[in-house]
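What follows is a set of notes on a single structure, which appears directly below.
The values are calculated or read from the model by the stated rules, or taken from the named source; none is laboratory data. Everything numeric here is computed off the predicted structure, so don't read it as measured data. Every residue, glycine among them, receives a Cβ derived from its backbone with ideal geometry; neighbour counts consider all protein chains shown.
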Amino acid sequence: MLIIEDLWVDVQGQEVLKGINMEIGQGETHCLFGKNGSGKTTLLMTLMGFSGYKVKHGKITFKGQDITFMPIHERARLGIGISFQRPPTLRGVKLRDMLAICSRGNADAAAQLAVSYGFDHFLDREVNLGFSGGEIKKSELLQLLAQNPDLTLLDEPESGVDIENLNVIGDMIRKLLEKDKHKGRTKSGLIITHTGFILNYVAADKGHVMLNGKLCCQGNPVEIFEGIQKYGYEECARCQL
Amino acid sequence: MSAIKDNSPSDEKELLEQFIPASQAEAIQDLEELDKEELKRLKETGVDLSAKDRIGTYFQTNCGVAECSCDFQGVEMLPITEALKKYDGLKEYYWKLIPREKDAFTKEAADDLDNGYFIRALPGEKVVYPLQTCLYIRTDKVRQRVHNIVVAEEGSELHIITGCATHPKLTSGLHIGVSEFYIKKGAKLIFTMIHNWGEEVVVRPRSAILVEEGGTYLSNYVSLKGVKSVQTFPTATLKEGALARFNSVIVAPKGSEIDTGARVILEGRGSRSEIISRTISYGGKVIARGHLVGKVPEIKAHLECQGLILSDEGIIHAIPELEAHVADVDMSHEAAVGKIAREEIEYLMARGLDEEEATSTIVRGFLNVKIEGLPKELEEELEAAVRECQKGI
């Protein structure tokens, strides 16, 4: 589904990613751990193709196509979706409009989604205007559900969400990644997590640790996370040696 | 430095002399004389001559009144020339809020009036459907001078949609419109003005509003098409507990200069006001003014100027002013001018829209101010104007 080969990325003239290699197969969910500032968000933003993330070297292949320099909307249409950590407010654009955009015209079904997650009272609010942290997460995930991507990129989906809403967020992610489908699952995901909470809701197939722009460890996500909890990221650095 | 120079008296005089008085141009006697193209343009200006959902119509071309009728008993509507005769010069209202000598344009309207409307909602009468008025310049190079007076008597409610337009084939003209509004105790007036002038038309409205105790004045101003120059600065004075709200949506294509806004003087306790403007330039110059003057305690006023520049050449000059004369006032403003944030465009692109679609979604949202009582055709026009903006980028 996704192959990243020797990816080097600059942000504002600073080298942030230094030779990333990763492969995510169809139906797989991967987790990305790492300290603040290690380059995790940069990787997600580069995969989506945002301006300001300059690929200096390397290649990104998605569904067999080289997407390294493809415009954002073409990647979206090809099946990549992303949730934003701090999305901008769109004045005058309602969540209802946004869901219609994501679903490429299937506005009613998209609005129905909002109802099913108890978020229908937000449909006529301007996107992200005055939304709390948890509301932003829900709104982002609803948009992704409407968009129905094959590869979902999630940046700390659990941050700022209260315990009660964690269940809902977990449900939404499970649906996005077809976690209830045990056979023939086609949806893949790459999730950045600091707290690891999301692992309680969404089983991940593989974990990666990023340190200073490089992936230094790959393996069972639960074991990696336990290791980080016990020994800190320093152990990953040491282990790398 | 201001983007648009103030007119000096000699400039004003020179401007006037470029046009012939409307009284020297032919006016139509009957609405039937309007052709298809004209009717279409009028519809885009909010004027629906089938008069569906309108309780009355005042229609003036050049200097002549082609229609002045109102089905609703509670509203009196007359050409102002007749009202001046009938009511002995309308001494209470005529030139009471605006000085005749204010500038060359007011003087011109005082000395050589073409016509205009007098509309009065009788006490306690509440009108559900709007009344429409249209000031239409049909002949090239004409200067049209009108004086309008609107009186909403105590406890009445009235909605006026006024469309100002020129013949689709006409290019140049000068419109001078003096308007005085009197909103009496507890009355409410919604005044929606749509400008649809030609690209070489100069427009000088001079408006003032008096809102008495507990009265409400809601003004909507929409100008989406090219016009050579508009310069206006309506001033509202609010008495105790009165409310005035000014919404404007302005799109300035290349070659247009639009200098507009509102001043509200809050001189009654508990009065409130809000001035909201959304301006877009794709090559034109816009000055978005707002001046709130708080003279007594316990007033509340807010000013919001938002401007988007969608081309390299446009100028938007937002001038928000707050003037408090006492301590106990609640006055605020926010102003933001600039281009569309890259981040917003990319947010929408990540949801599958291409760059052009993303931009148009943002512009549409930007212009989406809640306008009470905006006719449906006009909403469609707003949409079309947004699409037009795309071509200018």
Filtering the stretch A:139-172 down to residues that are part of a loop (DSSP other than H, G, I, E, B) and either crowded, with 18+ Cβ neighbours inside 10 Å or among the acidic types (Asp, Glu) (or both), which residue is farthest from the other protein chains (Cβ to nearest Cβ)? A:Asp162
Is the stretch B:309-330 home to any residue that is modelled with pLDDT under 90 and part of a helix (DSSP H, G or I)? no
Considering only the stretch B:110-179, give the strands (runs of 3 or more DSSP E) lying wholly within it that have at least 3 residues that are of a type in the set (A, V, I, L, M) and crowded, with 18+ Cβ neighbours inside 10 Å. B:131-137, B:142-152, B:157-166
Within the group A:Gly227, A:Gly207, which residue is of a type outside the set (A, V, I, L, M, F, W, C) and free of Cβ contacts under 8 Å to residues at least 60 places away in the same chain? A:Gly227
Hey, can you tell me all the residues within the stretch A:100-121 that are within 14 Å of chain B (Cβ to nearest Cβ), in contact with a helix residue (DSSP H, G or I) (Cβ under 7 Å, 6 or more places away or on another chain) and surrounded by fewer than 16 Cβ atoms within 10 Å (Cβ to Cβ)? none
Answer with yes or no whether B:Leu90 is part of a loop (DSSP other than H, G, I, E, B), under 21 Å from B:Leu158 (Cβ atoms) and in contact with a helix residue (DSSP H, G or I) (Cβ under 6 Å, 6 or more places away or on another chain). yes
Determine which single condition A:Lys54 fails, assuming it passes every other condition in (1) within 12 Å of chain B (Cβ to nearest Cβ); (2) not in a helix (DSSP H, G or I). (1)
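Here is a list: A:Gly189, A:Gly133. Which entry is at pLDDT below 90, of a type in the set (Gly, Ala, Ser) and closer than 27 Å to A:Leu99 by Cα? Don't jump to the end; show me each part of the working.
On the way: A:Gly189 fails: at pLDDT below 90.
Checking each option against the conditions leaves just A:Gly133.
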Would you check which residues across the stretch B:273-300 are modelled with pLDDT of 95 or more, among the β-branched types (Val, Ile, Thr) and out of contact with any Gly (no Cβ under 8 Å at 6 or more places or on another chain) and list them? B:Val293
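When you check A:Phe33 against the structure, is it within 16 Å of the chain's Cα centre (by Cα), away from every other protein chain (no Cβ under 12 Å) and of a type in the set (Phe, Trp, Tyr), yes or no?
Numbers: within 16 Å of the chain's Cα centre (by Cα): yes; away from every other protein chain (no Cβ under 12 Å): yes; of a type in the set (Phe, Trp, Tyr): yes.
When the stated conditions are applied, A:Phe33 passes them.
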So A:Gly81 fits all but one of (1) within 14 Å of chain B (Cβ to nearest Cβ); (2) at pLDDT 95 or above; (3) assigned to a loop (DSSP other than H, G, I, E, B); what number is the exception? (3)
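Residue by residue, here is whether (1) in contact with a strand residue (DSSP E or B) (Cβ under 8 Å, 6 or more places away or on another chain); (2) more than 21 Å from A:Thr42 (Cβ to Cβ); (3) assigned to a loop (DSSP other than H, G, I, E, B) holds:
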| position | (1), (2), (3) |
| --- | --- |
| A:Thr195 | no, no, yes |
| A:Leu199 | yes, yes, no |
| A:Ala203 | yes, yes, yes |
| A:Gly207 | yes, no, no |
| A:Met210 | yes, no, no |
| A:Cys216 | yes, no, no |
| A:Gly227 | no, yes, no |
| A:Lys230 | no, yes, no |
| A:Arg238 | no, yes, no |
Among the residues of the stretch B:317-362 satisfying the criterion of being of a type in the set (Gly, Ala, Ser) and within 12 Å of chain A (Cβ to nearest Cβ), which is surrounded by the most Cβ atoms within 10 Å (Cβ to Cβ)? B:Ala350
In the stretch A:57-78, how many are out of contact with any Phe, Trp or Tyr (no Cβ under 9 Å at 6 or more places or on another chain) and at the interface with chain B (Cβ under 9 Å from one of its Cβ atoms)? 5
Per-region count, the stretch A:84-99, residues part of a helix (DSSP H, G or I) and within 11 Å of chain B (Cβ to nearest Cβ): 3
